[in-house]
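Some notes on the structure that comes next.
The values are calculated or read from the model by the stated rules, or taken from the named source; none is laboratory data. Everything numeric in this text was worked out from a predicted model, so none of it was measured. Here the Cβ positions follow ideal geometry from the backbone for every residue, glycine too, while neighbour counts run over all protein chains shown.
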Amino acid sequence: MTPSATPDSPLPPSSPTANNENNLQPFFVLHKPIPKKSSRKAPQSAKTRRKIDLSTETHKFNKSEGVKQVEQIVDDHLYQQLRVEAFDIIWSKIEITIKEVLRGININVFNEIHQWVRKSFAAIRSTAGTLNSAQLTCPYPLTIDIDCKKIFTGLVFTKNVEFVDDLLTFNDLSLHLKSQGCHVVNLSSLDFSAKSGISACIWSLLRQFVMVDPDVADITILASWYNEPDNFNNPLVVIIDDMERCNGSVLSEFILMLSEWVIKLPVILVMGVATTIDAPRILLPARALHYLEPCKFALGSPAERLDAIVEAVILGTNFGFDIGYKVAVFLRNYFLRQDGTVTSFIKTVKIACAKHFVKEPLSFLCRGLLDEDCHDFLLQKCVLLPESMREYAFSLPSCEGLDKTTPLTGESLASGISEIVKLKKNWSSVFMCLYEAAKFQKKQVVDVLCEALDPDAYRTRGSLQRRVGEVIAKSHSVDPYSATKGSFIFQVIRKVRDLPMKQLCQLLQVWEKHSEEIAELHEKVKELQSLLKSEEENNGGQADVAVLSKRLATRSYMNIQRDKGKVYDKAALLLESMIRDYLKPIECVPFHEIICFKDVDILQSALVGDPRRMIQVDLLKSHKVLLCSCCTKGGNVLLPSMHDTSIMYTLAQEHGDLINLHDWFKNFKSTIVRPCTNAKGKMRSPSSKKRKHSIEPEDLTDALVQARFCRAVIELQITGLLKMPNKRRPDYVQRVAFGL
Amino acid sequence: MDVNEAVDEEEFGFSRNYFLAKELRGSAKKSGGKLSDLKLVDEQELRDATSKLETKHEKEIVALMESYKSQYYQWAFELRCGFGLLMYGFGSKKALIEDFASTALTEYGVVVINGYLQSINLKHVVIAMAEILSDQLKLKRKSQQPFSSKSLDDLLIFLDGSHMKESDCFVCVVIHNIDGPGLRELETQQILSRLASCSYVRIVASIDHVNAPLLWDKKMVHTQFNWSWYHVPTFAPYKVEGVFFPLILASGGTAQNAKTALIVLQSLTPNAQSVFKVLAEHQVAHPDEEGMPVNDLYTICRERFLVSSQITLNSHLTEFKDHDLVKTRRHADGQDCLYIPLTSEALEKLLQEIG
């Protein structure tokens, strides 16, 4: 049944006979793996690369540079391998961090669920305690009181419209409960489909609990497995990640069955609910609901999870990979406006990371940035870089502002990159200080992040800060930040002056922690803290209300307020200076291209393809893709040389939602048989089309024109842009897409 | 804000275009021309011409395909990273993807699914993949049962094994037209997505239909297929993909219908043919009637010993209806009548042929 190619010689797709045969097979083996032989592999791949590059990049090089070019390409292959390795290491670090963050967010709920599971299990066991051992071990369910048939059911509210994020959460929950000794299975809505009925979920239970694949879905197999001494002392937890997508009747049947067995098989249900508490009532009939003993749990919202991930990945540890402003904005907008799932956010970051390592020749250097002492690594690598790569590094756009006296050596490249790492570290610390202040205004971390990464905002901030400084110097009565509306960062700075004393103390404490790495800043924060402390002491700490009210009338109160104002000013000024000195976006630093991914277009096109639009654009602007000399000069005029399907689709645009096949054919025919010199445009009167019949070239027979028409219709049908005629309207096809 | 406005504008554009198109149908272009007015060539001639069609811009198409070769390294890299590649854009991508697989993925086993075909047994595909993988991992399978006797779930579990030995070991499945007719069912897509999410499997697929993304939910897109999209228009003719599509200028006309009817009838039992003949003769004799009442047909057929009971007749009728040979409509007096949706001339010709 299985057709296969000979293992050692993969069939080239060009061999026609084999191809024709394979084309009509539902599937075939294109080739089996050629075992890796290091002696053979390297030159072969290098050769492939060479061929490819010669064909596509010839315009960049002179022929005399051929030898050099080949060397470079072989080198290139080596560096490709290094980049692949660097990506593997860096992404696995990021991935592990993300997983830890997500687990950390849920750990409290997981513990709560575990405690509840244990309590429920104890309750079931206490009921079972009234039964004798013969009853407990008999292989059939017991007829007992209805109250003893209750199934403890945890309803976990996911606060998610999309359940895709919860898959990971419930997997983590499962691992957590397993680590605590529970027997756990994960079921999904696929196990509760009307088509396969209850047997599918019993099979799933048996497969996961007992690890057997029986011929008959029989719950007694589970009962006898559970009666084994190793299994008997722990609860059976069944997690259903998306209850609302299950088939109601299958789920209720499942519940009824479990209720019969619950004393012998202490099953505890955990069900993910995306909507409200009413969900089980809507889905399940009363007779099933009757057996549920619900308990509520709530997970964090997607926005909270996103914030935590952003904090850990983009701001936290240095991973040797960074994103630029536009990418950050794209990530934020994609999350807020389109998708709203953390899963796709993570995927987007991964695509960005992969694209970066593919596109950036020097990205393999990022690998060294993971180590504490990266300079040695960088130095070692940069010194060994071939001349061409060093030249490339110094020709990066970010190096334009580089000091002209900087020698173009590996050493200066290495120190340039280590500089970025240092800068990024300080940047992260200061950003955290800013973000802590922003938290009092309930600002989202991504919003502040986007502004902090924006190089333009950085430049305008510089000039604004100078203006603010001037205003403060002139007069204290005017709000110096009035000119800075619209900037999150300035809003935060301004609000620092309005914080209550207690919150300012808190803020300074966090700043102290975050600024530990920057000695100068740390000193200033400490200074401010002691100033605040002495202020408090002078004023008797937090003055109680009675004293305050007395003081309110006095002059001294005004002085106190003014002094206090000074502390606030100082705090605001400190934040401002931090931002000015340290919050320099990575995109303003030389060599940042090596670790920073900025190409938002590539990211967007890889993440969300837009076939509906792009396929239409391909058809309507075919000459722009094909880059042929014959059709480009026509502009918007339809030329006979154009791709047939392209002509047909452009003609279809003139029709309504129904296209009369007769007219369409006539139009098509008149377009393709029209002599090029006489091309007037696509809007032509029917009479002129008729006249064209007489000058039809001889080689374009009726059969040929009709065949071309048919093929174009088939191709449009394959793209889904046309619906075929139905019996009611045999002479019309229907257009599907209107506008791009 | 401006992004929102742009989105609104785009949506408005959509609906405006739609209503404009609707309007256009009512007024401007109502020529009512019929396909039968065209001088259509014979079907065989049309088919011959179709098979001999030359491709326009062949040189440019070859250049376009060549230009994608520089991306092969990137594609292979992303596959290794765990992404699935999804190729879209106008033109057949079959040759492109197979060329990619046979030059850049030689280290891995590659199985190709032709999704443009009508029926595809995914289990056979998964068995083939499992066999390749076990060869690759050099597993000794003597004690194990053969893959062909394992269930699909077991096979998928095998393909989803943990990467213990080599991290860079997988079988690649190439799916031409993952949106094709044989793979469009939700259940099939779910199996494919489970297959794609296996740790030992990587997927390269192509889509051609503009609405293909509607086949998948977010779980499939982001966690299972894990698509990385590539817009790679090739403008290559859909030669194989279009093989099973009817030629629009060949399927019309009475001659065609009578011909198909004949082919269907010839495959039926002589008794069934005779039942059809009774109905056809009645229709030819009474061209102005709505059709033949079921009871009358039954009586005549019984008299001629063509059927023994109403049940046998009904089974014949079901067969006819399934193939659009016979239809029912309501007679003026309320009873259901059977009729053959062919013109009298076509019917007479058909009677001669089966006679």
The stretch A:596-653, residues that are facing chain B (nearest Cβ under 8 Å), in contact with a Phe, Trp or Tyr (Cβ under 7 Å, 6 or more places away or on another chain) and not hydrophobic (A, V, I, L, M, F, W, C): A:Ser605, A:Gly609, A:Pro611, A:Asp618, A:Ser622, A:His643
Residue match in the stretch A:680-702 (condition: modelled with pLDDT of 85 or more and in the same structural domain as A:Leu626 (by TED's automatic domain parsing)): no
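Could you go through the stretch A:283-294 and let me know if any residue there is under 30 Å from A:Leu370 (Cβ atoms) and touching a strand residue (DSSP E or B) at 6+ places or on another chain (Cβ under 9 Å).
Our first condition is that a residue be under 30 Å from A:Leu370 (Cβ atoms); within the stretch A:283-294, this holds for none.
Taking every residue of the stretch A:283-294 in turn, none turns out to be under 30 Å from A:Leu370 (Cβ atoms) and touching a strand residue (DSSP E or B) at 6+ places or on another chain (Cβ under 9 Å).
Rundown of residues vs (1) under 30 Å from A:Cys628 (Cβ atoms); (2) free of Cβ contacts under 8 Å to residues at least 60 places away in the same chain; (3) out of contact with any Leu (no Cβ under 7 Å at 6 or more places or on another chain), yes/no style:
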{"residue": "B:Tyr72", "(1), (2), (3)": "yes, yes, yes"}
{"residue": "B:Leu79", "(1), (2), (3)": "no, no, no"}
{"residue": "B:Ile113", "(1), (2), (3)": "no, no, yes"}
{"residue": "B:Gln136", "(1), (2), (3)": "no, yes, yes"}
{"residue": "B:Phe147", "(1), (2), (3)": "no, yes, no"}
{"residue": "B:Leu152", "(1), (2), (3)": "no, yes, yes"}
Test: residue in the stretch B:22-37 that is among the aliphatic types (A, V, I, L, M), at pLDDT below 85 and surrounded by 13 or more Cβ atoms within 10 Å (Cβ to Cβ): yes
Where A:Asn234 falls short, out of the listed (1) buried (at least 20 other Cβ atoms within 10 Å of the Cβ); (2) more than 14 Å from chain B (Cβ to nearest Cβ): (1)
Subset tally (residues that are in a loop (DSSP other than H, G, I, E, B) and either among the aliphatic types (A, V, I, L, M) or more than 7 Å from chain A (Cβ to nearest Cβ) (or both)) for the stretch B:39-57: 7
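Yes or no, residue by residue, for (1) over 25 Å from B:Glu66 (Cβ atoms); (2) surrounded by 19 or more Cβ atoms within 10 Å (Cβ to Cβ):
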{"residue": "A:Cys588", "(1), (2)": "yes, no"}
{"residue": "A:Phe591", "(1), (2)": "yes, yes"}
{"residue": "A:Ile594", "(1), (2)": "yes, yes"}
{"residue": "A:Asp599", "(1), (2)": "no, no"}
{"residue": "A:Ala606", "(1), (2)": "no, yes"}
{"residue": "A:Arg613", "(1), (2)": "yes, no"}
{"residue": "A:Leu620", "(1), (2)": "no, no"}
{"residue": "A:Thr632", "(1), (2)": "no, no"}
{"residue": "A:Val637", "(1), (2)": "yes, no"}
Condition met for B:Gln266 (closer than 15 Å to B:Ile354 by Cβ, polar (S, T, N, Q) and buried (at least 16 other Cβ atoms within 10 Å of the Cβ)): no
Enumeration of residues in the stretch A:420-451 that are farther than 14 Å from A:Val492 by Cα and in contact (Cβ under 8 Å) with a residue 12 or more places away in the chain: A:Ile420, A:Val421, A:Leu423, A:Lys424, A:Lys425, A:Asn426, A:Trp427, A:Ser428, A:Ser429, A:Val446, A:Cys450
Inter-residue pairs, beta-carbon under 8 Å, first over 22 Å from A:Val270 (Cβ atoms) and more than 14 Å from chain B (Cβ to nearest Cβ) and in the stretch A:181-199, second in a helix (DSSP H, G or I) and among the acidic types (Asp, Glu), 6+ apart: A:Gly197/A:Glu253
Number of the condition not met by A:Thr405 [criteria: (1) out of contact with any Cys (no Cβ under 6 Å at 6 or more places or on another chain); (2) in a helix (DSSP H, G or I)]: (2)
Residue satisfying all of: in the stretch B:275-322; surrounded by 16 or more Cβ atoms within 10 Å (Cβ to Cβ) and small (Gly, Ala, Ser); farthest from the chain's Cα centre (by Cα) among these: B:Gly291
Residues satisfying the stated conditions in the stretch B:88-104, i.e. more than 8 Å from every other protein chain (Cβ to nearest Cβ) and touching a Gly at 6+ places or on another chain (Cβ under 9 Å): B:Ser92
Some residue of the stretch A:201-224 being touching a residue at least 24 places away in the same chain (Cβ under 8 Å) and outside any helix (DSSP H, G or I): no
Filter result for A:Ser252 (in a helix (DSSP H, G or I), touching a residue at least 60 places away in the same chain (Cβ under 8 Å) and of a type in the set (Ser, Thr, Tyr)): no
Tally, over the stretch A:328-371, of residues that are at the interface with another protein chain (Cβ under 8 Å from one of its Cβ atoms) and of a type in the set (Asp, Glu): 1
Residue within the stretch B:119-139 that is within 7 Å of chain A (Cβ to nearest Cβ), part of a loop (DSSP other than H, G, I, E, B) and closer than 24 Å to B:Tyr230 by Cβ present: yes
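Kindly indicate whether any position in the stretch A:326-340 is under 25 Å from A:Asn186 (Cα atoms) and in contact (Cβ under 8 Å) with a residue 40 or more places away in the chain. Give the steps one after another, and end with the answer.
So the first thing to find is which residues in the stretch A:326-340 are under 25 Å from A:Asn186 (Cα atoms), and the list is A:340.
Imposing the further condition that a residue be in contact (Cβ under 8 Å) with a residue 40 or more places away in the chain reduces the set to A:340.
There is at least one residue in the stretch A:326-340 that is under 25 Å from A:Asn186 (Cα atoms) and in contact (Cβ under 8 Å) with a residue 40 or more places away in the chain.
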Filter result for A:Ala217 (in contact with a helix residue (DSSP H, G or I) (Cβ under 8 Å, 6 or more places away or on another chain), within 23 Å of A:Phe170 (Cα to Cα) and of a type in the set (Gly, Ala, Ser)): no
Check on B:Gly253, modelled with pLDDT under 90, buried (at least 17 other Cβ atoms within 10 Å of the Cβ) and among the small types (Gly, Ala, Ser): no
Meets criteria (acidic (Asp, Glu), assigned to a loop (DSSP other than H, G, I, E, B) and at the interface with another protein chain (Cβ under 8 Å from one of its Cβ atoms)) for B:Glu107: yes
Residue list for the stretch A:376-398, restricted to those being assigned to a helix (DSSP H, G or I), surrounded by 18 or more Cβ atoms within 10 Å (Cβ to Cβ) and touching a residue at least 24 places away in the same chain (Cβ under 8 Å): A:Leu378, A:Leu379, A:Lys381, A:Cys382, A:Met389, A:Ala393, A:Ser398
Exclusive hit being facing chain A (nearest Cβ under 7 Å), farther than 28 Å from A:Ala352 by Cα and either hydroxyl-bearing (Ser, Thr, Tyr) or part of a helix (DSSP H, G or I) (or both), set B:Glu60, B:Glu78: B:Glu60
